[in-house]
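Just below is one structure, and these are the notes that go with it.
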Amino acid sequence: MSTEQPKSGFVTIERASYRYDAAGPTVVDAIDWTIPRGEIHCLLGRSGCGKTTLLKLAAGLLMPSEGAIRIGDEALAGPSPRAGFVFQAPTLLDWLSALDNVLLPVSLKRRPTIADKDAALDLLERVGLADFAMRRPAELSGGQQSRVAVARALIGNPDLLLLDEPFAALDALTREELQDDLLRLCALNGTTALFVTHDIGEAVYLADTVAVMAAGRVTHVRRIELARPRHRDMRYAPGFIAACRALRDAMDGAATASRRPAA
Amino acid sequence: MIARLPSLLLLVALLAGWEAWCRLGGLSPLVLPAPSSVLATLWGEIATGRLWPHLTMTATEMALGLGIGAVVGLGTGVLLAEFPAVSRLLRPYVLASQLVPKLALGPLFIIWFGFGMTPTVVITALICFFPLMENTLTGISEVDASRRELFRMLGAGRLKTLLRLKLPSALPVIMAGLRVAVVLALVGAVVGEFIGGRIGLGASIIAAQSVMDSSLIFALFIVITALGMLLYEAVRLIERRILHRFSKG
């Protein structure tokens, strides 16, 4: 799983830059990045470092001002049907049940079949919400809503899962449960994932590779050499703590470096 | 019912005070008729059947005006929200058309459409148009940006996004606009009849005024108020049904 040699990239970001307008500041600055198939990569950084923008570039929600992004062999020209996206907030539709929310990606294209419904119920069961399929979002807790959002992103068996700080608003224990759920679901189908977070522990626990971002650039890259499947006890292992420490130092270093006068 | 008891008691007290003032204060019934005489007049109008054609006419004008105004307002709101270029082009004209005192257009509409129902329906529709348009526009533009991004990510086209995301999200705001429109529709219908009506509750008020029958004017106030409350409650009921379907709270 974690050979040192770079494998052929499934997601390839080639010198991608992004500016909101031609004269404006560069939010993402000539980033090169490769995610091999089946790996989980985390983008770690402070608010405003450009990590969410990079994620939206990978999703095809934004188009790079320069450079290109490829998923598999296709260059991205718009929102990718092969990618599932989990937003910062659960963004569920309040007037639909949990089940119908999970089925939304299907029902926007065609009438869901019995098989689709079974797949959705299966996903809900895997995130521990088998008994909540008929509840509306208002009747679910924040953690349960996030679980529905993850299930919705996985309904079409996407090759790539993109997540934008999806668990940031949850309490620490719920967040750890959801991280375990996510790892299990990704392992199930060998889903490739790019996960944006500002939580160092979360990044180390989830990732094969962590990239630290600051001021639109990747300033530090670290392979996480922890065995899979990961479990709770690893959080207290010396290797885990050392990785957290090194990433923290890298973030502090990046912050000092990016405090240079703005262009 | 228990919760409504205090407000019912207040009504009884006010009516009793009014009655006592009229009887003991020696006020001319031409200025302020006693509630008992107003009720007697109202009962007379109902019993003889004189009231019904007027009531039917006003209710019809109101319903037609509200229906047309609401549908056109909703459609325009959607159009302006979906096509910002159209919005930039038309917004000043739409606003100007709403700032013209619409009741002042009454005499013109009588020249265009003749006496009868049409001018009043047109005035009512014009009045109801604005709250529906404004609220639809606001409701649709306030749809959360990340939900719109979600629909883009899922490859939903413009029409699908409108029908499956924007309209359901905007529904509570649109329904609030409809409630405002109901109240305005009653004003539109009654005052429209002041200008050009021969039949209708508003026309009856003008007729009663010409013979100085203040008791009948008060009786008509009661009928108009009851009609308004009935329609308002009906819209509330529909609103609750639809919102319940869309968002169980």
Next on the checklist: I'm checking my understanding of the structure. Among residues of the range A:41-89 that are assigned to a strand (DSSP E or B), out of contact with any Asp or Glu (no Cβ under 8 Å at 6 or more places or on another chain) and over 21 Å from A:Ala207 (Cα atoms), which one is nearest to the other protein chains (Cβ to nearest Cβ)?
Outcome noted: A:Glu74
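Assess whether B:Leu42 counts as being more than 30 Å from B:Thr161 (Cα to Cα) and in a helix (DSSP H, G or I).
Numbers: more than 30 Å from B:Thr161 (Cα to Cα): yes; in a helix (DSSP H, G or I): yes.
The answer is yes for B:Leu42.
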Item to check | Hits in the range B:33-65 (condition: closer than 25 Å to B:Tyr232 by Cα and touching a Ser or Thr at 6+ places or on another chain (Cβ under 7 Å)) | outcome: B:Val38, B:His54, B:Glu61, B:Met62, B:Gly65
Item to check | Filtered residue count, the range B:207-249, keeping only those that are assigned to a loop (DSSP other than H, G, I, E, B) and either of a type in the set (D, E, K, R) or away from chain A (no Cβ under 14 Å) (or both) | outcome: 4
Item to check | Subset of the range A:90-102 [more than 23 Å from A:Leu194 (Cα to Cα) and either among the hydroxyl-bearing types (Ser, Thr, Tyr) or within 13 Å of chain B (Cβ to nearest Cβ) (or both)] | outcome: A:Leu93, A:Asp94, A:Trp95, A:Leu96, A:Ser97, A:Ala98, A:Asp100
Checklist entry - Applying the selection to the range A:51-69, what residues are in contact with a Gly (Cβ under 6 Å, 6 or more places away or on another chain) and either closer than 13 Å to A:Leu160 by Cα or of a type in the set (S, T, N, Q) (or both)? => result A:Gly60
Item to check | Any hit, the range B:201-211, residues being more than 28 Å from A:Ala149 (Cβ to Cβ), within 17 Å of the chain's Cα centre (by Cα), touching a residue at least 40 places away in the same chain (Cβ under 8 Å) and surrounded by 18 or more Cβ atoms within 10 Å (Cβ to Cβ) | outcome: yes
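Considering every residue within the range A:9-25, establish whether at least one is within 14 Å of chain B (Cβ to nearest Cβ) and either part of a loop (DSSP other than H, G, I, E, B) or touching a residue at least 40 places away in the same chain (Cβ under 8 Å) (or both).
Filtering the range A:9-25 down to residues within 14 Å of chain B (Cβ to nearest Cβ) leaves none.
No.
So, in the range A:215-236, of the ones that are of a type in the set (A, V, I, L, M) and modelled with pLDDT under 90, which residue ends up surrounded by the most Cβ atoms within 10 Å (Cβ to Cβ)? Don't jump to the end; show me each part of the working.
Initial filter on the range A:215-236 (of a type in the set (A, V, I, L, M)): A:215, A:218, A:221, A:224, A:226-227, A:234.
Filter again for modelled with pLDDT under 90, leaving A:215, A:226-227.
Working: A:Ala215: 21, A:Leu226: 17, A:Ala227: 11.
Looking at residues that are of a type in the set (A, V, I, L, M) and modelled with pLDDT under 90, I get A:Ala215.
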Checklist entry - Does the range B:90-98 contain at least one residue that is at pLDDT below 90 and of a type in the set (Gly, Ala, Ser)? => result yes
Item to check | Output for the range A:199-241, where each listed residue is basic (Lys, Arg) and within 21 Å of A:Ala172 (Cβ to Cβ) | outcome: A:Arg230, A:Arg232, A:Arg235
Item to check | 2 or more residues surrounded by fewer than 20 Cβ atoms within 10 Å (Cβ to Cβ) and over 25 Å from the mean Cα position of the chain (by Cα): qualifying helices (runs of 4 or more DSSP H) within the range B:104-163 | outcome: B:145-153, B:158-161
Checklist entry - If a residue has to be outside any strand (DSSP E or B) and either more than 15 Å from the chain's Cα centre (by Cα) or free of Cβ contacts under 8 Å to residues at least 40 places away in the same chain (or both) to count, how many in the range A:202-224 make the cut? => result 4
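Tally up the residues in the range B:151-174 that are without any contact (Cβ under 8 Å) to a residue 24 or more places away in the chain, among the hydrophobic types (A, V, I, L, M, F, W, C) and more than 8 Å from chain A (Cβ to nearest Cβ), please. Before the answer, list the steps.
Within the range B:151-174, the first condition is being without any contact (Cβ under 8 Å) to a residue 24 or more places away in the chain, and the residues that meet it are B:151-157, B:159-161, B:163-165.
Keeping just the survivors that are among the hydrophobic types (A, V, I, L, M, F, W, C) gives B:151, B:153-154, B:156, B:159, B:163, B:165.
This time we only want the ones that are more than 8 Å from chain A (Cβ to nearest Cβ), so: B:159, B:163.
Number of matching residues: 2.
The values are calculated or read from the model by the stated rules, or taken from the named source; none is laboratory data. Only a predicted model underlies this, so the values are computations on that prediction, with no experimental measurement involved. Neighbour counts run over all protein chains shown; Cβ positions are idealised from the backbone, glycine included.
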